[in-house]
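One structure is given below, encoded as structure tokens.
The values are calculated or read from the model by the stated rules, or taken from the named source; none is laboratory data. This is a predicted model, so every value here is computed, not measured. Reconstructed Cβ throughout: ideal geometry from the backbone, glycine too, with neighbour counts over all protein chains shown. In case anyone asks, the SASA skips ligands and DNA or RNA and just uses the protein heavy atoms, side chains included. Shrake-Rupley method; radii C 1.70, N 1.55, O 1.52, S 1.80 Å.
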Amino acid sequence: MLPWKIYLLSLSVKKTPMKALLLKELQENLKTGRFWILLIIFSFFAIMSPLTARYMPEIFASMSKQQGIEIKIPDPTWLDAISQYVKNISQLCTFVVILIYVGIVVKEKENGTAVFLLVKPVKRSSFIISKFIIAMMILFLIFTVSFSLSGFYTYLFFDSLPLIKFTVVNLLLLLNTVVVLSITIMFSAISKTQVVAAIFSFIAWLFLGLMVQFGDFGKFSPSSLISETLNIVKSEVVSIKPFIGAAFVIVLSGIISIFALKNWEA
Amino acid sequence: MTAIQTENLTKIYRKERHPSLDHLTLEIKRNIVFGFLGPNGAGKTTTIKILTSLMNATKGSAFIEGKLINTKQIELRKLIGYLPQEPKMYGWMTGKEVLKFVGRLYQMSTNEINIRADLLLKMSGLNDVKDKRISTYSGGMLQRMGIAQAMMGKPKVLFLDEPTSSLDPIGRKEVLEFIGSLSGECTVFMSTHILSDVERICDEIGIINKGKLVIHDQTDKLKKKYASGKAIIDFSSENDMKKFRDAVKSEILPGNFVYENKSVNYSPLDIKKEKHQLLYFISEHQIEINRLEWLDATLEDIFIKLVG
């Protein structure tokens, strides 16, 4: 059975193809497990990050004791917990987001459900936009859960948490993940197979990461949002350039995705 | 007014020299079951993909209910239903959920969706499995579900691409009965290479070969026009068969003879004339036979004659 909220939503909305597509996407994310996998993985790292930060000195101490070396690590603070959280979410969790969403369009083209849908009175752009909106909504929801869990455990272990800064850090991480999501959807719309889409999505993600090294131009890379999180925590000036880069990549990926699907022949 | 009209419809795929569809010109009347016949690779699926706006033609134009077809025409898609060769639907949805989803895409009201879905589930014989996931359906059930979802939006033209090719005899019978029950409700455009299916339910036939339309006519007219009936004669002995063969040679019985064991397969040039004369010919030459049977023309004869 569907959650009661989705059932109510299905009854109350005026029937338009876009709403039908949004509802279908939401149901698909829930019923095929995409949502639950993301929720479990993000929650795991959200809890593990403050936990690791808190017990890292003890872990190092026991390791060094076994090898007869003495390593002194300063007492961890909430800053270490947030740094660990940022690292895990921006690397491991983003990797999982690509894996989960790489088949979002190309799988439908491969297995024939795109034909089933696109022969109906549905705009091809609506097909892409509905997928993007629901995936974004799901990421927002999952980030809210991660934020709450990580925030709670950070406060529990370190008795302190700058709530506003941590909220802004999460919003930047979300924006970075949305950039990766839009690139993944774009390659999913362009490619003929899931493997090709996955390879190109990872290459594009790595490229954005490497772009940070390209001097002034590199500051426009959406991956610079990760380093901006540190500036926020340290109350330093935040550059607007990665935000411009992020907006540009999201819009461009959206346009290319829609264009690719409009010209796709079954 | 015609339901489907094509004018010089041509499709040349990238990396291919020869057209998959070569100046196809076709007119199909409303509310009939049209059988689109042709060997594998003749251009049947390409035609359907263009007519369902899933693909653009390289040249030419096509109309459904007078509306020009192209991949950006959303209004046009309200007029059509489509069952692909291998129907694919969302496996995580139940049968009823698929129909409700399609109903929402056609902007039908909740009440209308429920009434239409119940009707189609009953017509397709899937009422008992409506709450089971599509991923658990058998091939025949999937095919019937595919037709039901294609009918959900009350299409004026229903395209069925080889609807029975992957089914066992029972599944084929069920699907053909379902298609037959749609006659009069909408125009059915059915592509197939199974001749007996076409013979059973189609009002008109079009035969396509190597991308070109070879013939288009009413099923009965085609049979009369192209196919001559044939006679099978079983002789009492080999000696009688020899007597018959010698008599045919000396008196020239017009037609084609294929001898096998103690029988002959005779295809006369003029069936009306020879039907009366054959018995007289046999008795005049005192040939003993065990059986003489006249067989009607089959679509297979026409198909082989035209496609080779």
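Before we move on, is B:THR46 surrounded by 20 or more Cβ atoms within 10 Å (Cβ to Cβ) and in contact with a strand residue (DSSP E or B) (Cβ under 6 Å, 6 or more places away or on another chain)?
Numbers: surrounded by 20 or more Cβ atoms within 10 Å (Cβ to Cβ): yes; in contact with a strand residue (DSSP E or B) (Cβ under 6 Å, 6 or more places away or on another chain): yes.
Yes.
Just one of (1) more than 14 Å from chain A (Cβ to nearest Cβ); (2) in contact (Cβ under 8 Å) with a residue 24 or more places away in the chain; (3) open to solvent by 50 Å² or more (accessible area, probe 1.4 Å) trips up B:PRO169, so point out which.
B:PRO169 satisfies every listed condition except (2).
More than 8 Å from chain A (Cβ to nearest Cβ), modelled with pLDDT under 90, out of contact with any strand residue (DSSP E or B) (no Cβ under 7 Å at 6 or more places or on another chain) and closer than 21 Å to B:SER191 by Cα: does that describe B:GLY139? Walk me through it before giving the result.
Numbers: more than 8 Å from chain A (Cβ to nearest Cβ): yes; modelled with pLDDT under 90: yes; out of contact with any strand residue (DSSP E or B) (no Cβ under 7 Å at 6 or more places or on another chain): yes; closer than 21 Å to B:SER191 by Cα: yes.
In short, yes.
Could you count how many residues in segment B:186-203 are surrounded by fewer than 23 Cβ atoms within 10 Å (Cβ to Cβ) and more than 15 Å from B:LYS44 (Cβ to Cβ)?
Matching residues across segment B:186-203 total 6.
Given the residues A:ALA53, A:ALA61, which is the only one that is without any contact (Cβ under 8 Å) to a residue 40 or more places away in the chain and either within 14 Å of chain B (Cβ to nearest Cβ) or closer than 29 Å to A:LEU156 by Cβ (or both)?
Values: A:ALA53 fails: without any contact (Cβ under 8 Å) to a residue 40 or more places away in the chain.
On inspection, the qualifying residue turns out to be A:ALA61.
The conditions are (1) more than 9 Å from every other protein chain (Cβ to nearest Cβ); (2) surrounded by fewer than 15 Cβ atoms within 10 Å (Cβ to Cβ); (3) over 23 Å from B:LEU167 (Cβ atoms), and B:LEU26 fails exactly one of them. Which is it?
Here B:LEU26 clears every test but (2).
Counting only residues that are within 11 Å of chain A (Cβ to nearest Cβ) and among the aliphatic types (A, V, I, L, M), how many does segment B:29-54 have?
First, the residues of segment B:29-54 that are within 11 Å of chain A (Cβ to nearest Cβ): B:45-46, B:48-54.
Narrowing further to those that are among the aliphatic types (A, V, I, L, M): B:48, B:50-51, B:54.
Summing the residues that are within 11 Å of chain A (Cβ to nearest Cβ) and among the aliphatic types (A, V, I, L, M) in segment B:29-54 gives 4.
Determine which single condition A:PHE95 fails, assuming it passes every other condition in (1) closer than 19 Å to A:SER182 by Cα; (2) outside any helix (DSSP H, G or I); (3) open to solvent by 60 Å² or more (accessible area, probe 1.4 Å); (4) of a type outside the set (Lys, Arg).
Failed condition: (2).
Of these, B:LEU83, B:LEU51, which one is open to solvent by less than 10 Å² (accessible area, probe 1.4 Å), modelled with pLDDT of 90 or more and touching a Gly at 6+ places or on another chain (Cβ under 6 Å)?
The unique qualifying residue is B:LEU83.
For the structure I just gave you, tell me whether B:PRO19 is open to solvent by 10 Å² or more (accessible area, probe 1.4 Å), part of a loop (DSSP other than H, G, I, E, B) and under 27 Å from B:ASP220 (Cα atoms). Even if it seems obvious, please write down each step before you answer.
On the way: open to solvent by 10 Å² or more (accessible area, probe 1.4 Å): yes; part of a loop (DSSP other than H, G, I, E, B): yes; under 27 Å from B:ASP220 (Cα atoms): no.
No.
Which number in (1) open to solvent by less than 90 Å² (accessible area, probe 1.4 Å); (2) closer than 22 Å to B:ILE215 by Cβ marks the one condition that B:LYS305 misses?
B:LYS305 satisfies every listed condition except (1).
If I go through segment A:207-266 residue by residue, how many of them are more than 14 Å from chain B (Cβ to nearest Cβ), under 30 Å from B:ALA57 (Cβ atoms) and in contact with a Leu (Cβ under 9 Å, 6 or more places away or on another chain)? Outline the logic, then answer.
So the first thing to find is which residues in segment A:207-266 are more than 14 Å from chain B (Cβ to nearest Cβ), and the list is A:207-257.
Within this subset, residues satisfying the condition of being under 30 Å from B:ALA57 (Cβ atoms) are A:254-257.
Then keep just the ones that are in contact with a Leu (Cβ under 9 Å, 6 or more places away or on another chain); that gives none.
Of the residues in that region, 0 qualify.
Here is a yes/no grid of residues against (1) open to solvent by less than 80 Å² (accessible area, probe 1.4 Å); (2) among the small types (Gly, Ala, Ser); (3) closer than 30 Å to B:THR52 by Cα:
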| position | (1), (2), (3) |
| --- | --- |
| A:SER160 | yes, yes, no |
| A:VAL179 | yes, no, no |
| A:PHE187 | yes, no, yes |
| A:ALA197 | yes, yes, yes |
| A:PHE217 | no, no, no |
| A:THR229 | yes, no, no |
| A:LYS234 | no, no, no |
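Got a number for residues in segment B:86-107 being more than 7 Å from chain A (Cβ to nearest Cβ) and in contact (Cβ under 8 Å) with a residue 40 or more places away in the chain? Show your work before the answer.
As a first pass, look at segment B:86-107 and keep what is more than 7 Å from chain A (Cβ to nearest Cβ): B:87, B:91, B:93-100, B:103.
Adding the requirement that they be in contact (Cβ under 8 Å) with a residue 40 or more places away in the chain leaves B:87, B:91, B:93-95, B:98-99, B:103.
Selection size over segment B:86-107: 8.
Residue by residue through segment B:56-80, note down the ones that are within 15 Å of B:LYS156 (Cβ to Cβ), modelled with pLDDT of 90 or more and of a type in the set (Val, Ile, Thr).
B:ILE64, B:ILE80
Filter segment A:113-139 down to the residues that are within 7 Å of chain B (Cβ to nearest Cβ) and without any contact (Cβ under 8 Å) to a residue 60 or more places away in the chain and list them by number.
Of everything in segment A:113-139, those that are within 7 Å of chain B (Cβ to nearest Cβ) and without any contact (Cβ under 8 Å) to a residue 60 or more places away in the chain turn out to be A:THR113, A:PHE116, A:VAL119.
Looking at segment B:247-290 only, could you name the residues that are more than 39 Å from the chain's Cα centre (by Cα) and either exposed (fewer than 11 other Cβ atoms within 10 Å of the Cβ) or hydroxyl-bearing (Ser, Thr, Tyr) (or both)?
Across segment B:247-290, the qualifying residues are B:LYS249, B:SER250, B:GLU251, B:TYR280, B:SER283, B:GLN286.
Could you list all residues from segment B:55-80 that are at the interface with chain A (Cβ under 8 Å from one of its Cβ atoms), β-branched (Val, Ile, Thr) and surrounded by 17 or more Cβ atoms within 10 Å (Cβ to Cβ)? Talk me through it step by step, then tell me what you get.
Kept after step one, since they are at the interface with chain A (Cβ under 8 Å from one of its Cβ atoms), are these residues of segment B:55-80: B:55-56, B:71-72, B:74-75, B:77-78, B:80.
Right, trim to β-branched (Val, Ile, Thr) and you get B:71, B:74, B:80.
Scanning segment B:55-80 gives B:THR71, B:ILE80.
In segment A:143-196, what residues are of a type outside the set (A, V, I, L, M) and not in a helix (DSSP H, G or I)? Can you show your working first?
From segment A:143-196, those of a type outside the set (A, V, I, L, M) are A:143-144, A:146-148, A:150-155, A:157-160, A:162, A:165-167, A:170, A:176-177, A:182, A:184, A:187-188, A:191-194; that's our starting set.
Within segment A:143-196, A:ASP159, A:SER160, A:PRO162, A:SER191, A:LYS192, A:THR193 meet the criteria.
A:VAL102 versus (1) within 17 Å of the chain's Cα centre (by Cα); (2) within 22 Å of B:LEU105 (Cβ to Cβ); (3) more than 14 Å from chain B (Cβ to nearest Cβ); (4) crowded, with 21+ Cβ neighbours inside 10 Å: which is the lone unmet condition?
Result: A:VAL102 passes all but (2).
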